[in-house]
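Visitor: Following this message is one structure expressed as structure tokens.
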Amino acid sequence: MRILAHHHDKTPEEYRMTLLLSRSQPELTTCTATILHTGTDEKGHYFVTGETVFYPQGGGQMSDVGSVTYNDQPFAIKQVLMNAGEARHYLADALIALEEGAEVQLDIDAAFRQRASIAHTAGHLISHVVETLMPSLIPAKGHHFLPGSYVEFSGNSTLSAEQLLEQVKEKVQQAIDADLPVTTGTLSFDEIAGLRPELAGAIPQNEAIRTVTIGGYLPFACGGTHAGSTGALQGLELRKIKVKDRVKISYEIA
């Protein structure tokens, strides 16, 4: 069944920003929301709500998947992307005839979210361990998609690739076994730039920046979802290391 979507010709400036509940209440898996508008772009057919429980793709993390329920009928959501402050929920199949103001229920795939969160936390933990073991290596990129997760570092290591990987594996496993807490917080740009001057150029200069901290490691500026503690990472496997222009460590989760 294909149902035509109703959409309105408005500029992005006429839409208010979507409130991302995943940042303040990452434990939520469902919410009710009001449709602001629907539309179509190069990614497909989408709708936008005033708030959402879905995590939109970004920061190296996959977007949530799940469903939207309208008039007791669920429709699959394949991806959520941000565009000019609004979270666009892309529909997998049918186009839902939703008018502005309609109330819907949004549900994420909780198991998918959990795996995405674990993969993101794993990338942070590996980065913490690497920069602690080898301060000359600076975190440069995190790709926490599944499969194919990896973290990259700029700079040079005084150890061979094999030596570095073995030491990182050992320290990462120790941190997992210690079940370190993973916490979120808020810092100003000046505060986090003072803690991490080497990363200041990549941090948005906002008044309030969301941070994620693992145990006693320094915080990272991050808007993603994470495991509650490192104990959830049991089974994490650091698959390989590649040294070219950067140091790249690939990993998988159980």
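Visitor: For the stretch 26-70, name all the residues that are within 15 Å of E100 (Cβ to Cβ), buried (at least 23 other Cβ atoms within 10 Å of the Cβ), touching a Gly at 6+ places or on another chain (Cβ under 9 Å) and among the hydroxyl-bearing types (S, T, Y).
Guide: Y46
Visitor: Which residues, taken from the stretch 171-216, are among the aliphatic types (A, V, I, L, M) and touching a residue at least 40 places away in the same chain (Cβ under 8 Å)?
Guide: V172, A175, I176, A178, L180, V182, L199, V212, I214
Visitor: Please go through (1) within 21 Å of Q234 (Cα to Cα); (2) touching a Phe, Trp or Tyr at 6+ places or on another chain (Cβ under 6 Å); (3) not aliphatic (A, V, I, L, M) for G216 and return the number of the only condition it doesn't satisfy.
Guide: Checking G216 against (1) within 21 Å of Q234 (Cα to Cα); (2) touching a Phe, Trp or Tyr at 6+ places or on another chain (Cβ under 6 Å); (3) not aliphatic (A, V, I, L, M), the one that fails is (2).
Visitor: Could you please find all residues in the stretch 196-209 being surrounded by fewer than 17 Cβ atoms within 10 Å (Cβ to Cβ) and either in contact with a helix residue (DSSP H, G or I) (Cβ under 8 Å, 6 or more places away or on another chain) or on the phi > 0 side of the Ramachandran plot (or both)? Step through it out loud before you land on a result.
Guide: Filtering the stretch 196-209 for residues surrounded by fewer than 17 Cβ atoms within 10 Å (Cβ to Cβ) gives 197-198, 200-208.
Of everything in the stretch 196-209, those that are surrounded by fewer than 17 Cβ atoms within 10 Å (Cβ to Cβ) and either in contact with a helix residue (DSSP H, G or I) (Cβ under 8 Å, 6 or more places away or on another chain) or on the phi > 0 side of the Ramachandran plot (or both) turn out to be A200, I203, P204, Q205, N206, E207.
Visitor: Out of L238, L233, L218, which single residue is of a type outside the set (S, T, N, Q) and within 24 Å of Q57 (Cβ to Cβ)?
Guide: L233
Visitor: Tell me, yes or no, whether the stretch 178-185 has at least one residue that is in the same structural domain as G228 (by the TED database) and out of contact with any strand residue (DSSP E or B) (no Cβ under 8 Å at 6 or more places or on another chain).
Guide: Taking every residue of the stretch 178-185 in turn, at least one turns out to be in the same structural domain as G228 (by the TED database) and out of contact with any strand residue (DSSP E or B) (no Cβ under 8 Å at 6 or more places or on another chain).
Visitor: Would you be able to say whether some residue in the stretch 143-157 is modelled with pLDDT of 95 or more, crowded, with 20+ Cβ neighbours inside 10 Å and out of contact with any strand residue (DSSP E or B) (no Cβ under 8 Å at 6 or more places or on another chain)?
Guide: For the stretch 143-157, residues modelled with pLDDT of 95 or more, crowded, with 20+ Cβ neighbours inside 10 Å and out of contact with any strand residue (DSSP E or B) (no Cβ under 8 Å at 6 or more places or on another chain): absent.
Visitor: So S127 fits all but one of (1) assigned by the TED database to the domain that holds G231; (2) surrounded by 18 or more Cβ atoms within 10 Å (Cβ to Cβ); (3) farther than 30 Å from E207 by Cβ; (4) under 23 Å from the mean Cα position of the chain (by Cα); what number is the exception?
Guide: It is condition (3) that S127 fails.
Visitor: Then there is this: What single numbered condition from (1) free of Cβ contacts under 8 Å to residues at least 60 places away in the same chain; (2) among the charged types (D, E, K, R); (3) not in a strand (DSSP E or B) fails to hold for R239?
Guide: Answer for R239: the failing condition is (3).
Visitor: Another question about this same structure. In this structure, is Q61 touching a residue at least 12 places away in the same chain (Cβ under 8 Å) and on the phi < 0 side of the Ramachandran plot?
Guide: It is true that Q61 is touching a residue at least 12 places away in the same chain (Cβ under 8 Å) and on the phi < 0 side of the Ramachandran plot.
The values are calculated or read from the model by the stated rules, or taken from the named source; none is laboratory data. From a predicted model like this one, the values you see are computed outputs, not experimental measurements. Virtual Cβ from ideal backbone geometry, glycine too; neighbours counted across all protein chains shown.
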